[in-house]
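What follows is calculated from the coordinates using simple rules that are stated; it is not laboratory data. Predicted, not measured: the structure shown is a model, and the values here were computed from it. We place every Cβ from the backbone using ideal geometry, glycine too, and count neighbours over all the protein chains shown.
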Amino acid sequence: MAEFHKADIEKLIDGVLPWRATQDMLKSSKDPDRFDKYVEILQARVAFADPILLPLTPMLFIVATGGERVVKCQCGHSFGDYRVNWKLSALIHVRDDEASLSEIYKGREMPDPSWIQVREYICGGCGAQLEVEAVPRGCPPDFEFLPDLDTFYREWLGRPLPDEKEYRDRTLEEIATW
Amino acid sequence: MAVLSLKERIRANDEAFRKTGSLFGLTTLTRKESDPGTYEAVWHILSNLCNAAWATGCKVSSSPIAAEGGDALWGLHTATGEAICISRGISAHAGLLSDMIKNFIAIGYEEYPGFKQGDIFENNDPHYGGIHSPDFDMCMPLFYNDELIAWASCVSHVADAGSVTPGSIGFLNPDCYSDGIAISMERVGEQDRFYPWYEMRIRSRTRTPDFVMGDARGRLAGCITIRERLVEVIEKYGLEFFLDAGKEYVEDSRRYAVGRVRTQTVPGRIRKSQFKDLAMKGKRVLLAKQDIDCMFNLPMELTINADASVDLSLRGASGTVPFGENISPTALKSGLMMGYSHIIGFDMFNSGPISAWNIEMPPDGSWANPYPLDFQAASGVAWAPAVTWVSSLYEVFGRLFQMRGFVEEMAAGAGTIMTAEFSGINQTGMYLTGLTLEQASQGSPARGYSDGENSAWCIYTPEADFGNAEISELYYPILFLGRNVAPNSGGFGQFRGGLGHTAVWMVYNTPGLEYQCGDAGMRSKTVANHGMFGAYPAVPDRPAYAHGTNVRELIDAQKPLIHERGDPESPAIASKIQASIVEDNAVAPFVTPHALVDYDIIVHPIAGAEAMGDPILRKPAAVANDLDEGWTTERVARDIHGVVTSKPNGHFVVDEAATAKRRAEMREARKQRAVPFKEWWAEERKRIQAQENMDPAVLRMWHSSMELSPKYAAELRAFWQLPDDFVFAC
């Protein structure tokens with residue numbers, strides 16, 4: 001079974017691992033402890049101490065805090081329960097007219113705002129652009145991933161998490177309170 | 001012991017899989033475990049045998065699509081139809097060929113007309129599992145000592161299948177009756193020869209019969225190559241070994257794919273919306289019902305279960321369209337298998353990986369399952385919505401790999417596919433119609449650690465090859481004035497999408513030529529929903545052309561011609577060429593409303609791919625390099641990446657301090673102009689209820705999506721707190 005040094009995984013994340021070494025990683029059988037090494041690397045890079053349970057994206061993490069599991073940006077800004085689409089707690093900027101779209105797409109490169117709107121989801125803490133959606137008006141935001149976190153830890157990693165939570169999308173429950 | 005029919009064997013295989021969870025009930029891979037060396041060696045021999053068929057068949061074919069572009073595929077299957085291995089080439093069809101063989105068995109052809117050595121069977125009919133009429137699917141039963149032991153299969157993409165418009169990208173077809181010649185699950189030859197009436201039908205019902213028959217002979221030559229080489233394998237390694245190992249390769253591949261899901265992803269539910277436009281209102285169409293703009297809803301919901309099986313749903317898919325862009329569920333599954341093989345199951349590419357998927361039947365009457373409600377639906381270019389949908393699979397798995405730390409496996413979304421087809425008299429006086437291969441070489445998606453590559457990838461085939469310009473010039477009455485990497489054609493992000501290229505053609509040596517700018521998965525009014533991790537999606541597809549030009553005079557005067565797409569706000573075609581008609585920003589797809597003549601110009605862009613990550617995280621040095629290469633512009637560097645540069649000695653140099661300051665200002669500006677989601681939601685739901693600034697195509701799409709999928713409709717209404725009876729206008 002392949003083993004890769006943590007330093008090389010860091011270089012891979014930063015896009016500076018030489019191509020030959022990257023090819024080795026691509027071609028070799030995968031290292032079974034990659035997840036743990038990856039989380040260790042990310043944990044050292046974030047601005048909070050809560051343990052990372054799952055890196056949702058390179059910038060967003062499901063973390064354990066006070067018996068709860070919440071989504072946090074790497075800057076520490078919290079987006080609440082991981083079973084509610086984190087976008088509901090983000091800042092949003094929507095480009096749905098020619099003036100705002102033309103800041104990105106010029107001339108013939110511009111999509112038609114009556115067909116599509118470009119939504120930018122921004123972290124209220126650090127101003128990071130976390131996701132961009134290009135969807136027509138009426139489309140609910142994608143809830144890209146709702147993990148079955150307890151199955152993952154219990155059955156796939158073999159180390160159950162404390163404070164088991166029900167695997168359930170709670171987004172509509174949150175919306176219903178608005 | 002009674003010999004089971006093939007149909008009974010398929011039933012027994014299904015039952016064994018249900019009971020054991022292993023294909024063919026193979027809980028143990030006996031051949032692999034007892035003799036792993038031979039097992040591995042024979043796999044490579046069988047794989048090479050399929051590649052030998054590809055090389056032979058493509059050369060026998062006279063069509064530029066196969067001979068130059070390699071747009072064909074050969075496969076070797078078990079007696080019950082599962083693909084054991086396939087050749088290089090257009091891998092999207094592997095599942096379809098497998099299902100075709102199973103269908104021949106399921107509908108009783110074993111009893112009548114029976115299967116025997118030398119029989120040639122074909123199908124291209126979407127109603128019976130084909131994808132679209134130009135893709136001719138063939139299979140031949142292979143016998144050894146009078147026992148049917150395997151099948152050889154092939155698909156090749158013919159230049160013209162006799163649809164209502166010339167060529168093979170029949171996006172304009174209004175119904176299935178206009179899709180062209182139908183080979184509906186037929187035996188088309190015996191004793192390794194086509195029936196005379198098969199050739200007569202090809203000659204009277206396709207526009208390029210020599211090419212189409214050349215392709216047919218190429219398919220046959222490849223299948224015979226498989227048959228003859230397989231006999232050599234069997235005589236060396238034994239029939240029992242081949243029969244056992246053939247099944248083990250399929251089960252082995254299933255295990256590999258399931259193992260990768262379990263060790264490299266995370267269980268849970270993943271969703272990706274995707275949309276695609278087809279703007280046809282006011283354009284040249286065939287029937288009145290086609291004077292309409294359409295929008296496709298292409299949703300993907302994937303659930304990874306505790307046992308690493310995968311459930312897939314297209315709940316919410318929109319309704320059929322009155323164009324050739326509807327696909328059968330069988331063909332859609334084949335496309336999915338192709339995408340999945342690229343992403344997960346590529347150790348041994350065969351039928352194994354997809355067997356661990358549970359695919360919910362797409363909504364009746366949707367573009368992905370048209371016939372229950374719209375039996376006349378056309379499928380002239382059925383790939384168009386399907387391949388756009390499959391693009392989501394790359395991002396979906398890219399996200400999953402990231403969560404487990406396998407950054408080297410990540411990919412963003414794919415580029416789009418806009419085709420160029422010509423029809424008319426060429427320089428030799430011959431009528432010709434066919435597809436150029438420009439679209440078979442797009443930018444590749446950004447990876448988790450690097451930019452995508454330029455003009456080096458294609459979603460529908462690993463054979464990413466746009467062919468030689470000189471060969472295209474031999475077939476078609478065109479000359480290349482340019483074939484250039486197109487700046488800013490990939491998505492903007494920390495890692496940008498690989499860039500596409502622009503082909504610039506001058507029409508030459510023809511009395512008249514039609515340019516069909518086709519939709520095989522393009523977007524012209526919209527961009528993809530591929531803003532992965534904060535990137536901006538790649539630009540829409542917008543071609544250009546000029547008719548009645550002064551190019552002859554420019555050549556005589558040795559003045560500059562047009563060689564590239566140029567500035568998006570000041571296209572080169574309008575600034576350099578004088579012409580009676582200049583369309584410098586055409587909304588695709590379309591067929592030119594008039595024949596193009598000598599010295600007319602076509603500017604045909606090929607898409608770049610999608611990006612990954614916040615654009616202001618892009619390394620400033622990478623931006624400077626792109627500027628030096630001419631792959632981006634100072635506006636994009638400054639306004640989107642926040643990189644401040646100067647160009648003191650012919651090369652761009654980054655001002656690090658000014659860049660850091662600008663990026664900090666951009667972050668702050670984002671926070672200032674953005675609003676809390678809840679605040680936006682409250683205003684947006686009012687605009688939705690008022691259906692404000694929503695194109696009729698968008699309204700019709702939502703209407704059909706909600707009508708065909710009540711559960712999807714209920715969730716959409718609940719999200720926006722809309723009344724239970726709320727519907728969009730149609």
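Computed from the Cβ-Cβ distance with R0 of 35 Å, the FRET efficiency linking B:ARG205 to B:ASP35 stands at 0.10. The order of B:TYR112, B:TYR460, going from fewest to most other C-beta atoms within 10 Å of their C-beta, is B:TYR112, B:TYR460.
The Kirkwood hydrodynamic radius of the range B:211-264, based on inverse pair distances between different Cα atoms, is 13.8 Å.
A P(r) calculated from all alpha carbon pairs of the range A:1-45, with 5 Å bins opening at zero, reads 5, 23, 33, 25, 11, 3 percent. Projected label points at A:LYS27 and B:VAL653, each 7 Å from Cα along the beta carbon direction, are separated by 4.1 nanometres. Between the amide H of B:MET410 and those of B:GLY448, distances stay under 5 Å, these residues lying 5 or more places away or on another chain, with hydrogens modeled in the peptide plane. Note: relative contact order over the range B:56-253, using C-alpha pairs below 8 Å and six or more positions apart, is 26 percent. Only helices enter this figure: runs of n ≥ 4 DSSP H residues, each worth -39500 (n - 2.57), summed and divided by the residues of chain B, yield -11000 deg cm²/dmol at 222 nm to the nearest 500. Taking every alpha-carbon pair under 8 Å whose residues sit at least 6 apart, chain B reaches a relative contact order of 12 percent. Size descriptors for chain B, from the alpha-carbon set: Rg then Dmax equal 26.2, 86 Å.
Report the rotationally averaged projected area of the range B:266-605 based on its alpha-carbon convex hull, in square nanometres.
For the range B:266-605, the mean projected area of the Cα convex hull comes to 18.1 nm².
Restricting the range B:335-393 to chymotrypsin sites (Phe, Trp or Tyr not before Pro) that sit in a DSSP loop and have at most 16 other Cβ atoms within 10 Å of their own Cβ leaves B:PHE346, B:PHE375.
3J(HN,Hα) along the range A:150-167: 6, 4, 4, 6, 6, 9, 9, 9, x, 8, x, 8, x, 6, 4, 10, 5, 7 Hz, from the Karplus curve 6.51 cos²θ - 1.76 cosθ + 1.60 with θ = phi - 60°, whole Hz, x for Gly and Pro.
When every Cα-Cα distance of the range B:294-349 is counted in 5 angstrom steps from zero, the calculated P(r) takes the values 4, 14, 18, 27, 17, 10, 6, 3, 0 percent. Close amide H partners of B:ASN369, meaning residues 5 or more places away or on another chain with modelled amide H under 5 Å apart, are B:ILE327. Could you please report the charge total around B:PHE719, scoring K, R as +1 and D, E as -1 over all other residues with beta-carbon less than 12 angstrom from its beta-carbon? Within the 12 Å Cβ shell, the charges total -3.
Within the P(r) computed for the range B:280-322, what percentage of the Cα pairs occupies the region above 14 Å? Walk me through the intermediate numbers first.
Details: 560 of 903 pairs.
Tail of the P(r) past 14 Å holds 62 percent of the pairs.
Among B:451-458, B:563-570, how do they line up from the highest to the lowest mean number of other beta-carbon atoms within 10 Å? Spell out each step's value before the answer.
Working: B:451-458: 22.8, B:563-570: 17.6.
Top to bottom by mean Cβ count within 10 Å: B:451-458, B:563-570.
Within the range B:677-720, all pairs of alpha-carbon atoms sorted by distance into 5 Å bins from zero give the percentages 6, 20, 24, 27, 17, 5, 0. Among B:ILE149, B:ILE606, A:ILE62, the order by Cβ neighbours within 10 angstrom, fewest to most, reads B:ILE149, A:ILE62, B:ILE606. Placing unit charges on the Cβ atoms of the charged side chains and taking the dipole of the protein assembly as shown about its Cα centre, the candidate lying farthest along the positive direction among B:CYS223, B:GLN691, B:ASN649 is B:ASN649.
Determine the sum of side-chain charges near A:LEU149: Lys and Arg each +1, Asp and Glu each -1, restricted to other residues whose C-beta is under 10 angstrom from that of A:LEU149. Numbers along the way, then the final one.
On the way: positive: A:ARG69, A:ARG83, A:ARG154, A:LYS165; negative: A:ASP148, A:ASP150, A:GLU164.
Taking every other residue near A:LEU149 into account, the sum is +1.
Counting neighbouring Cβ atoms within 10 Å and putting the fewest first, the residues B:ASP519, A:ASP150, B:ASP252 line up as A:ASP150, B:ASP252, B:ASP519. Each Cα pair of the protein assembly as shown feeds into the Kirkwood radius, which the Stokes-Einstein equation turns, at 10 °C and 1.306 mPa s, into a diffusion coefficient of 56 µm²/s. Around the Cα centre of chain B, unit charges on the Cβ atoms of Lys, Arg, Asp and Glu (plus for the first two, minus for the last two) sum to a dipole of about 1660 debye.
Say we join alpha carbon atoms closer than 10 Å with springs in a Gaussian network model of chain A; which of A:GLY76, A:GLY66, A:GLY107 then has the biggest fluctuation? Highest fluctuation of the listed residues: A:GLY107.
Other residues whose C-beta falls under 12 angstrom from the C-beta of B:GLY448 contribute a net charge of -2, scoring Lys and Arg +1 and Asp and Glu -1.
Could you tell me what % of all Cα pairs in the range B:150-190 have separations over 13 Å? Could you put the intermediate results ahead of the total?
Details: 514 of 820 pairs.
Of all Cα-Cα distances in the range B:150-190, 63 percent exceed 13 Å.
Ranking A:LEU91, A:THR151, B:ASN124 by Cα position along the charge dipole of the protein assembly as shown, where only Lys, Arg, Asp and Glu carry charges on their C-beta atoms, puts A:LEU91 farthest toward the positive end.
Taking the charge dipole of the range B:334-447 about its Cα centre, with +1 at Lys and Arg Cβ atoms and -1 at Asp and Glu Cβ atoms, the residue from B:PRO363, B:SER351, B:PHE406 reaching farthest to the positive side is B:PHE406.
Which loop GluC sites (Glu not before Pro) in the range B:55-157, with loop taken from DSSP, have no more than 14 other Cβ atoms within 10 angstrom of their Cβ?
Details: sites: B:GLU68, B:GLU82, B:GLU110, B:GLU111, B:GLU122, B:GLU147; in loops: B:GLU68, B:GLU82, B:GLU110, B:GLU111.
Counting only loop positions with at most 14 other Cβ atoms within 10 Å, the GluC sites (Glu not before Pro) in the range B:55-157 are B:GLU111.
Scanning chain A for GluC sites (Glu not before Pro) that sit in a DSSP loop and have at most 12 other Cβ atoms within 10 Å, the longest stretch containing none of them is A:4-102.
Note on the range B:677-720: with charges restricted to the Cβ of Lys and Arg (+1) and Asp and Glu (-1), its dipole about the Cα centre is near 140 debye. The distance between label points at B:LYS661 and B:ASP311 comes to 5.6 nm (points 7 Å beyond Cα on the Cα→Cβ vector). Averaging 1/r over every pair of different alpha carbons in the range A:1-125 and inverting the result gives a Kirkwood radius of 17.4 Å.
Computed from point charges on the beta carbon alone (+1 for Lys and Arg, -1 for Asp and Glu), the dipole magnitude for the protein assembly as shown about its Cα centre is near 1100 Debye.
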